[in-house]
Amino acid sequence: MTKTDDNGAGSQAGRKRRTRKGEETRRLLVTSAVECLTEQGYAATSVESVMAKAGVSRGSMLNQFPTRLDLMSAASEAAMRAMIADTRARFEGVDSPATKMRRLCDMFWQTQNIPEAAAVTEVLLAARWDADLAKRLRHIAVEIEVEIDADVQRIAQAAGIKDVEACIVHARMLILSLRGITLELMFDPQRDVIHSALAELRAMHAAFCDRVLG
């Protein structure tokens, strides 16, 4: 039996240990779910496959994520936040705000090609047919978009750009276009016309930067 003092310190320590263990289990399950989505796709990412990859019992899984929908929405948010963190890390190595703006397209493109981006794409495609999943993703996506818009706004303002709203809209267009190009290249990485489309998108971004940066 755990010894306690008059203030119940022993039981408090026990709760903290259990909470810490639960958080670690949750992180492990989310990471494993993202990996399964990337490697196997949404349809094949079952609760059982995630449990197997994580080495976690069904009881531990259900304690953290009572349903597959709970697990998939948590994995989606984690993957989206990993993408934001990846882009931010790339920008940290660039000192000039104007250069950051000019490299926006390439930075977004590189982020669209990390494993977590494939997981996000899998879930977004599945949400087309799953109304409950789409509902869960909607508020997550809005939060992520607000953060992306804020990052672009800071870069634009630091670069002395007057039309900040145009930069935010332009960044959204880049992300949507690059996601589509990434999806196309998943089917056939050698499609010349898609690579040409990527080159054209880069040229459009360069022209946009020339205009807003002066």
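The values are calculated or read from the model by the stated rules, or taken from the named source; none is laboratory data. Quantities reported herein were computed from a predicted structural model and do not represent experimental measurements. Quick reminder, even Gly has a Cβ in these numbers, built from the backbone with ideal geometry, and neighbours come from all protein chains shown. Protein only, heavy atoms only, side chains kept; ligands, DNA and RNA dropped before computing areas. Shrake-Rupley method; radii C 1.70, N 1.55, O 1.52, S 1.80 Å.
If the elastic network links every pair of Cα atoms under 10 Å, which of THR99, THR45, THR87 fluctuates the most in the Gaussian network model of the chain?
Looking only at THR99, THR45, THR87, the biggest GNM fluctuation is shown by THR99.
Check every DSSP H run in the chain and write down those whose alpha carbon atoms cover 30 angstrom or more along the long axis and whose mean Kyte-Doolittle hydropathy is 1.6 or greater. Intermediate values should be presented prior to the final figure.
Working: long enough: 9-40 (46 Å, -1.05); 68-92 (36 Å, -0.04); 131-158 (40 Å, 0.01); 164-187 (36 Å, 1.35); 192-213 (31 Å, 0.63).
Answer set is empty.
Compute the relative contact order of the chain as a whole-number percentage, counting only Cα pairs closer than 8 Å that sit 6 or more residues apart in sequence.
On the way: 165 pairs, mean separation 43.1, N = 214.
That works out to 20 percent.
What is the extension gain from LEU185 to ASN63, computed as 0.36 nm multiplied by their sequence separation minus the C-alpha to C-alpha distance, in nm to one decimal?
Numbers: separation 122, 0.36 × 122 = 43.92 nm, distance 3.85 nm.
Net length gain for the segment: 40.1 nm.
Under 14 Å from the Cβ of PRO66, count the other residues' Cβ atoms, weight Lys and Arg +1, Asp and Glu -1, and hand me the total. Each step should come with its number before you reach the end.
Working: positive: ARG26, ARG58, ARG68, ARG136; negative: ASP70, ASP132.
Spelling it out: positives minus negatives among the neighbours equals +2.
Once a ≥ b ≥ c are taken as the square roots of the eigenvalues of the Cα gyration tensor of the range 105-214, is the result rounded (a/c under 1.5), prolate (a/b larger than b/c) or oblate (a/b not larger than b/c)? Present the calculation step by step, with values, prior to reporting the outcome.
Values: a/c = 2.66, a/b = 1.25, b/c = 2.12.
Oblate is the answer for the range 105-214, as a/c is 1.5 or above yet b/c matches or exceeds a/b.
Compute the separation of the alpha-carbon centres of the range 23-52 and the range 108-146 and state it in Å as a whole number.
A separation of 15 Å, based on Cα centres.
Give me the percent of accessible area attributable to carbon and sulfur for the range 32-162, probe 1.4 angstrom. Walk me through the numbers before you get to the answer.
On the way: 3350 of 6480 Å².
So the carbon and sulfur contribution to the accessible surface is 52 percent.
I need the trypsin sites (Lys or Arg not before Pro) found in the range 89-173, filtered to DSSP loop residues with at most 11 other beta carbons within 10 Å of theirs. Provide the component values of the computation, followed by the final result.
Values: sites: ARG90, LYS100, ARG102, ARG103, ARG128, LYS135, ARG136, ARG138, ARG154, LYS162, ARG172; in loops: ARG103, ARG128, LYS162.
Listed in order of number, the matching sites are ARG128, LYS162.
Any chance you could count the Lys pairs in the chain whose alpha carbons are under 27 Å apart, treating pairs 8 or more apart or on different chains as valid? Each step should come with its number before you reach the end.
Details: LYS3/LYS16; LYS3/LYS21; LYS16/LYS53; LYS21/LYS53; LYS100/LYS162.
So the count of such lysine pairs works out to 5.
Which of the three applies to the range 37-132, rounded, prolate or oblate, going by the alpha-carbon gyration tensor with a ≥ b ≥ c and a/c under 1.5 meaning rounded? Show your work: numbers first, answer last.
Working: a/c = 2.98, a/b = 2.24, b/c = 1.33.
Prolate, since a/c reaches 1.5 and a/b exceeds b/c.
Would you mind getting me the FRET efficiency between GLU143 and ARG172? Use the beta-carbon distance for r and R0 = 22 Å, nearest 0.05. Don't jump to the answer; show the numbers that get you there.
Working: r = 15 Å, r/R0 = 0.68.
Efficiency computed from Cβ-Cβ geometry: 0.90.
Just to be sure I understand, if you calculate Cα Rg over 2.2 N^0.38 Å for this structure, which of [x] 1.05; [y] 1.00; [z] 1.26 do you get?
Among [x] 1.05; [y] 1.00; [z] 1.26, the one calculated here is [z].
Express the accessible area of the chain per residue in Å², computed with a 1.4 Å probe while the remaining protein chains stay in the model.
On the way: 12230 Å² over 214 residues.
Per-residue value: 57 Å².
If you take the square roots of the eigenvalues of the alpha-carbon gyration tensor of the range 81-151 and sort them as a ≥ b ≥ c, do you get rounded (a/c under 1.5), prolate (a/b over b/c) or oblate? Display every interim value, and only then the final one.
On the way: a/c = 3.15, a/b = 2.09, b/c = 1.51.
Here the range 81-151 falls in the prolate category.
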